[in-house]
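Remarks on the structure that follows.
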Amino acid sequence: MSDDRPSCTCVICHDYGDRDSLDNFQLRTIVHVTQYGWSVVLVQSDADGPGWAYTIGLWHSHRAPELALFGGDVYETEEVLNALGREAAGGRPPADGERRDGAVRGQTAAFRTVDPRWYEGPFRGAVAFYRRPPLPILQVVWPNAEGLFPWQPGTDLPFRHSQPWLWLAPSQHPAGTWTRRLAAGRG
């Protein structure tokens, strides 16, 4: 029986000759992906700004896009990403442009494709795992209390800046907390 799925370039599927030198983060990621199908990386908030979380392994295990969620409590974002990961594992992966009811804090979430020029910073762990970007990453975007997304008319400036707009090229993204934080690339 042939597998018609696109190939995977991760460190589990291919030996790049450096398995003896993988660090603890990479080894833990391999264990999580092997055991659970994916791992969620938490990047804590700090004095420079809010935190975020993203998955590694959804592409390897289910050929579903990796997911990223920004702002808010990182443990809450981990729960959201795990719930969406279970949906992807069950055959319902999100797609670019999709909106999914009840996905974030009981509200609708929007999914937007991350521009690959952002990968080396905030998703460095995923790039190290897959070795050959671009890999598909979707940003999970949450609405305000009125159900409006940051790009929609009627949202205030603080809300518009509460999440990065990673579907834009870095050169098109407004300068601010997110561009400084993501350029530092602690992911």
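The values are calculated or read from the model by the stated rules, or taken from the named source; none is laboratory data. Keep in mind that what you see is a predicted model, and the values were worked out from it rather than measured. As a convention, Cβ positions derive from the backbone with ideal geometry for all residues, glycine included, and neighbour counts pool all protein chains shown.
Results for (1) of a type in the set (S, T, N, Q); (2) in contact with a helix residue (DSSP H, G or I) (Cβ under 6 Å, 6 or more places away or on another chain); (3) closer than 16 Å to Ile137 by Cα, shown as yes or no for each residue.
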position	(1), (2), (3)
Thr9	yes, yes, yes
Ile30	no, no, no
Thr55	yes, yes, yes
Leu58	no, yes, yes
His62	no, yes, yes
Glu66	no, yes, yes
Arg99	no, no, yes
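For the range 19-59, residues that are in a strand (DSSP E or B) and more than 15 Å from Gly125 (Cα to Cα) total 2. Only one of the numbered conditions (1) modelled with pLDDT under 95; (2) farther than 24 Å from His14 by Cβ; (3) of a type outside the set (A, V, I, L, M, F, W, C); (4) in contact with a strand residue (DSSP E or B) (Cβ under 7 Å, 6 or more places away or on another chain) is not met by Arg117, and that is (4). Here the range 114-130 is the region considered, the condition is being touching a Phe, Trp or Tyr at 6+ places or on another chain (Cβ under 9 Å) and either outside any helix (DSSP H, G or I) or in contact (Cβ under 8 Å) with a residue 40 or more places away in the chain (or both), and the residue that is surrounded by the most Cβ atoms within 10 Å (Cβ to Cβ) is Phe123. From the list Pro133, Pro93, the lone residue that is under 23 Å from Thr9 (Cβ atoms), in contact (Cβ under 8 Å) with a residue 24 or more places away in the chain and part of a loop (DSSP other than H, G, I, E, B) is Pro93.
Residues that are under 21 Å from Val104 (Cβ atoms) and assigned to a helix (DSSP H, G or I) within the range 158-185 comprise Pro158, Phe159, Arg160, Thr177, Trp178, Arg181, Leu182, listed in sequence order. Checked against the criterion of being surrounded by 18 or more Cβ atoms within 10 Å (Cβ to Cβ) and under 20 Å from Pro164 (Cβ atoms), the candidates Leu135, Leu148 yield just one match: Leu135. Consider the range 98-132. How many of its residues are under 15 Å from the mean Cα position of the chain (by Cα) and more than 30 Å from Asp23 (Cβ to Cβ)? Count: 6. Report yes if Ala183 is out of contact with any strand residue (DSSP E or B) (no Cβ under 7 Å at 6 or more places or on another chain), touching a residue at least 24 places away in the same chain (Cβ under 8 Å), farther than 29 Å from Arg63 by Cβ and surrounded by fewer than 18 Cβ atoms within 10 Å (Cβ to Cβ), otherwise no. Criteria met by Ala183. Would you mind stating whether Leu135 is modelled with pLDDT under 85 and under 18 Å from the mean Cα position of the chain (by Cα)? Answer is yes for this residue. Here Ala126, Ala103 are screened, and the one residue that is in contact with a strand residue (DSSP E or B) (Cβ under 8 Å, 6 or more places away or on another chain), more than 20 Å from Trp178 (Cα to Cα) and of a type in the set (A, V, I, L, M, F, W, C) is Ala103. Scanning the range 30-74 for residues that are of a type in the set (S, T, N, Q) and within 23 Å of Arg181 (Cα to Cα) returns Ser39, Gln44, Ser45, Thr55.
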